[in-house]
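Heads up: the structure comes next, in structure tokens.
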Amino acid sequence: MSFLVLKLLFVPLISVFIMVSSVYLGYHTSIPLMLLTATLLYVSVVFDRKYEWLRYVQFLFLGAFHYASQLNWCILLYYILIINIIHKKERFKETMPLCLLIILQYSLIRLTYVPFTKYNVLVSVFDCLASFVIVISFHFVNFLESEKKKLYKQNDYLTYHDALTGLLNYDGYLHKVQQLIEVNKPFQLVLLDINNFKSLNAKDISTANEILIRFSHALRRLFLNDMLAASRYAGDRFAVLLPEHVNIDSTMFNFEHIGVQVTYSITCYPHEALTYQEIISTAEDRIFQMRRNSWMRGQEEMIRTEKMKMVGELAAGMAHEIRNPLTSIKGFIQLSKNQSYNIQPWYEVIMGEITRVGELTAEFLHFSKPHASNMRVESLSDCMTRVYSLCESEAASHGHVFMLELSDEPIQIVMDRDKIIQVLINLIRNSFQAMENTGSVRISLKAEEGMAVIQVEDTGKGIADENLARIFDPFYTTKEEGTGLGLSLCQKIVEDHGGRITVHSELGMGTTFTLRMPLA
């Protein structure tokens, strides 16, 4: 029950009780004066919220009523009057003098109809002390209520607001949408998603938080006069509620100046959704599709960039590799001019360079052309046995020991048999060439964690660390007659089969190539 209700209820009841008691006790009182002053007091209490000045004349009406009734019980009305004056004031220094003046009025009027004795003087002093205690108690209760309200307000703010940006959080956003739908107010729900927030957050959390704050300020400035509400939720997503008359175009959401790119969707109520659940789900579905399309465009652009980069590298390497033999051929042709174009002395060299250009072009075509779809489930053991039979005679001619180790269990993969044979023969011949003296080459096959694992090990001279990182780069080779496309082609074929190829090497100890491809 509020204080307003209390005073409107008790002031007339107490006044009537005092008037009846004064007449019943036979005091020499003026009934018309009591009725008049009591009526003026009650009217001032009723209208003091509308007319503030009535608060400061009520004590006159109460003093006249007190004087007319000649009863000490009017002290209750004085206390109500004190609380009525001070209940909106917070400072103790402002309220205490007013209270003392009102109690002083009560004491002076009281002394007009009671004997001036020591007891009555002490009672007046006691009344002042009682008013002092009442004022202090009221201020203490008022302070507790004020703190309680602040805590409720703070809790309410934390419940519905984001601590970082000051915007609504997800609960606040849903609550605001519900409110607008309940009053049937048309609006637009704009969802914005920061595309590159994960990369910003990965660099520095404080920087990412600063960008979120700047982004929220930018949203406030963008819709300064139109925004119904704004929310930040799910880390990098924002929701803005706008009236339906606000026109929105893509140029409005350019936030490059603060370092972010956004994807956005717009959903209108009630034209596109009629209920709270419909508008939320429709908006979320749209932003998901927009983000997915944006991600796909980014991936396509990244793939296109990588392809262009690879084409550039291949073209530059191809031009470099072909220019060398062509320069040699050109030089020999120029020398032959002085001997009546007799190229006999340089014939073998010229033909060798032409052959080199042909081989280089053939390997380049193998590398660059799309992988032919000739994939089927086949036995990898049979494939490796075939490779062993093809390379066994070459190993024997160089005096190398050539070993094949196969798993007892059948191992099958989805593969293009000819391509895998091409990879293994290329790796085995590299191993033969890496051994200046007689050595051994071992090829093995096993299944491990859902993958077929092939290893080609040799006891050759090994590969230096500075060369190891580049052996799969197109046109990189340490061989005098090599094209530098062999290992690049092997890597491409293995990757086309969903696998990967790795290498481990130690100088003077040998090299091991490991191929991992998924089992069928």
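The values are calculated or read from the model by the stated rules, or taken from the named source; none is laboratory data. Only a predicted model underlies this, so the values are computations on that prediction, with no experimental measurement involved. Positions of Cβ are generated from backbone atoms using ideal geometry, with glycine treated the same way; all protein chains shown enter the neighbour counts.
Odds and ends about this structure:
- Residue within the stretch 256-278 that is touching a residue at least 60 places away in the same chain (Cβ under 8 Å), β-branched (Val, Ile, Thr) and part of a helix (DSSP H, G or I) present: no
- Considering Tyr152, Tyr170, Tyr157, the condition of being modelled with pLDDT of 80 or more and on the phi < 0 side of the Ramachandran plot is satisfied by Tyr170 alone.
- Taken over the stretch 259-313, the residue count meeting the criterion of being under 30 Å from Lys185 (Cβ atoms) and at pLDDT 80 or above is 27.
- Applying the condition of being surrounded by 18 or more Cβ atoms within 10 Å (Cβ to Cβ) and over 25 Å from Arg442 (Cα atoms) to the stretch 459-482 and asking which residue is modelled with the lowest pLDDT yields Phe475.
- Inter-residue pairs, beta-carbon under 8 Å, first of a type outside the set (A, V, I, L, M) and in the stretch 500-520, second surrounded by fewer than 15 Cβ atoms within 10 Å (Cβ to Cβ) and not in a strand (DSSP E or B), 6+ apart: Ser505/Leu468; Pro518/Gly450; Pro518/Gly498
- Elements of type helices (runs of 4 or more DSSP H) contained in the stretch 140-253, each with 2 or more residues being loosely packed, with under 13 Cβ neighbours inside 10 Å and within 14 Å of the chain's Cα centre (by Cα): 197-203, 205-222
- Selection status of Asn120, touching a residue at least 60 places away in the same chain (Cβ under 8 Å), in a helix (DSSP H, G or I) and not aromatic (Phe, Trp, Tyr): no
- Identity of the residue in the stretch 254-285, closer than 15 Å to Asn195 by Cα and polar (S, T, N, Q), that ends up surrounded by the most Cβ atoms within 10 Å (Cβ to Cβ): Thr263
- Residue in the stretch 384-407 that is under 51 Å from the mean Cα position of the chain (by Cα) and not in a loop (DSSP other than H, G, I, E, B) present: yes
Listed here are the residues, each with its yes/no results for (1) farther than 23 Å from Met96 by Cα; (2) in contact with a Ser or Thr (Cβ under 6 Å, 6 or more places away or on another chain).
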position	(1), (2)
Ile18	yes, yes
Asp48	no, no
Leu54	no, yes
Gly63	no, no
Trp73	no, no
Tyr78	no, no
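- Only one entry in Val441, Val456, Val494 is touching an Asp or Glu at 6+ places or on another chain (Cβ under 6 Å), modelled with pLDDT of 85 or more and aliphatic (A, V, I, L, M), namely Val441.
- When the stretch 1-39 is filtered for residues that are under 10 Å from Phe65 (Cβ atoms), aliphatic (A, V, I, L, M) and buried (at least 18 other Cβ atoms within 10 Å of the Cβ), the ones remaining, listed by number, are Ile18, Met19, Met34, Ala38.
- If you go through the stretch 389-402 and keep only what is closer than 12 Å to Val456 by Cβ and at pLDDT below 85, you end up with just Cys391.
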